[in-house]
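Below: one structure, written as structure tokens.
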Amino acid sequence: MQDLNTKPLSTKQYLVVSSLLFALFFGAGNLIFPIHLGQLSGSHWVLAMLGFLCTGVVLPLLSVLAISVTRSKGVYDIGLPLGPTFALVFMVLIHATIGPLFGTPRTATVPFAVGVQPFLPDKYVHVGLLVFSFLFFLAAFLLSYKESTIMDSVGKLLNPVFLVLLFVVFFLAFLHPMSSAAAQPVTAAYQNGSFFNGFLEGYNTMDALAGLAFGVTVVTAVNQLGKTNPFSNAKVTAKAGFLAEGLVGLIYVVLIWLGATTLGHFKLSADGGVAFNQLMGYYLGTTGHALLATLLTLTCLTTAMGLVAAFAQDFHKHFPVLSYVQWLGLMCVASFLTANFGLDTIIQWSTPMLMFLYPFAMVLILLSVFSPLFQRDPVVYFWVVLFTTVPALMDMLASFPPVVSQSTFAKVVGGFQQHYLPFASIGMDWVVFAVVGLLLGLMCHYLKNKRLAANAVE
């Protein structure tokens, strides 16, 4: 297939695609989790930041590169070396997690809980969330109704407004820091495990999962610029990904530092939303709360648009019984219903799914990026994923709310995991299993190629 546009893209066009990627990645969790990480890590914020950047920046960038290297059009293609059944199940799990079960509802509950709820009396909170989430997902539906408008409305309009608002806050914080981040107390968990705790905290952004799912949206947007050849499309996507994730990383560094500085005036908060609210009130008073509500609503709306569009595009492709618009409407309605369970409930129940899915996502992303080295041989994928399954299931069980994690069965499994699996105490036990699976897979790949070569000679 030849490019419809054979000319190189202009700098402006690259910036628009980068802006689209940034807006799709940077949403609710990307604001509240880094700030909370800064509070938890205190003077150890640099080490925690480095861990967070691994899963919050490097891994999402690799997910974009995985789409580019394998010339995939979405999360389904990433899992395809393991067969269409695995690919379909993996796609559904990813979209369910970042979609109507957890990720997409969070895009409405975060701006409400942090930016709007402080202005409401307690008796009106539930009604307020109902009205806010309805209007929020109605806007997401209307803005994503036509696929061709996604890049214009996100990349050219909403995203620049969000960036201006965010950097106003940063400017004020640099002029008058609340305190010295290096002098703040460190919570017990971060005394000796700052890096790995920051690494696990990066799971909450869901960006690595979203990067796989957003692939179809980004590919569609780049196609609209005339880069319809798979190689050209992949090249543009990769370059734009570097620009977008570089900016995301810079913002994370500032947010984590800001979180640590807030400890000079405020106690450790229950979550990053509370900390962000305190921060805005400190610098701008009531005006700060209004600005925060606007800032959060804009950034979360852009992410919601990307999530619902990616869901509708992928599901229409694999389940064409419903049209893109019908899947889009179904996604928005389901997300609206889930959002009304509240932010705390959504975060509490999303953690187990993230602990289960992230190891699979990480190994599939890395295998995809380096797949040219072993010709994307399914046997390598098989052994890595097979060995990753055991610790991933154990980590999921251990991270459930007490009603599950404190059951007799869960305690027995957890005791075995902590006693026998290396690095289980820091949530990294899946790494050793994945490496063993990789070695076995590469050995099988090498022996198979050697046997084929011998047969060819005969």
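The values are calculated or read from the model by the stated rules, or taken from the named source; none is laboratory data. Because the structure is a prediction, the values reported are computed rather than measured. Heads up, the Cβs are rebuilt from the backbone with ideal geometry, glycines too, and the neighbour counts pull from every protein chain shown. Heads up: the accessible areas ignore ligands, DNA and RNA and are worked out on the full protein's heavy atoms, side chains in. Shrake-Rupley method; radii C 1.70, N 1.55, O 1.52, S 1.80 Å.
Ranked by the mean number of other Cβ atoms within 10 Å per residue, highest first, peptides 185-194, 11-20 order as 11-20, 185-194.
The charge dipole of segment 310-458, taken about the Cα centre with unit charges on the Cβ atoms of Lys, Arg (+1) and Asp, Glu (-1), comes to about 320 debye, rounded to the nearest 20.
Estimated at the nearest 10 Å², the accessible area of Val321 is 130 Å² with a 1.4 Å probe.
For the pair segment 80-109 and segment 402-458, the centres of their Cα atoms are 23 angstrom apart.
Along each principal axis, taking the top coordinate minus the bottom one, the Cα set of the chain gives 81, 57, 41 Å in descending order. Segment 30-145: percent of C-alpha pairs farther apart than 21 Å? Within segment 30-145, distances greater than 21 Å cover 60 percent of Cα pairs.
Helices that extend 27 Å or more along their long axis by alpha-carbon positions and average at least 0.0 on the Kyte-Doolittle scale are, among the DSSP H runs of the chain, 125-144, 230-261, 272-318, 343-369, 378-398, 429-457. With R₀ set to 56 Å, the beta-carbon distance separating Ala290 from Thr408 gives a calculated FRET efficiency near 0.65.
Think of a 1.4 Å ball rolled over the protein heavy atoms: the chain then has 42 Å² of accessible area per residue.
For a straight C-alpha distance cut-off of 21 angstrom, the lysines reachable from Lys146 (same-chain residues fewer than eight places away being disregarded) are Lys73, Lys156, Lys227, Lys317. Shown for segment 294-428: the carbon plus sulfur share of the solvent-accessible area, taken with all protein chains present and a 1.4 angstrom probe, equals 74%.
Among the chymotrypsin sites (Phe, Trp or Tyr not before Pro) in segment 269-309, none sits in a DSSP loop with a Cβ that has at most 14 other Cβ atoms within 10 Å.
Positive-end ranking of Ala290, Ala453, Val110 along the dipole of the chain, with charges on Cβ about the Cα centre, is headed by Ala453. Two numbers describe the Cα atoms of segment 1-67: Rg and Dmax, which are 16.9, 54 Å. Dipole orientation for the chain: of the candidates Leu322, Tyr358, Val436, Leu322 has the Cα lying most toward the positive pole (charges on Cβ; Lys, Arg +1; Asp, Glu -1). Taking the Cα centre of the chain as reference, the dipole from Cβ charges on Lys and Arg (+1) and Asp and Glu (-1) amounts to some 680 debye.
Every helix of 4 or more DSSP H residues in the chain counts as -39500 (n - 2.57), and over all residues that averages to -24000 deg cm²/dmol at 222 nm.
Considering the convex hull of the alpha carbon atoms of segment 310-422, report its projected area averaged over all viewing directions, in nm², one decimal. In nm², the orientation-averaged hull projection of segment 310-422 is 10.2.
When every Cα-Cα distance of segment 193-267 is counted in 10 angstrom steps from zero, the calculated P(r) takes the values 15, 35, 26, 16, 7, 1 percent.
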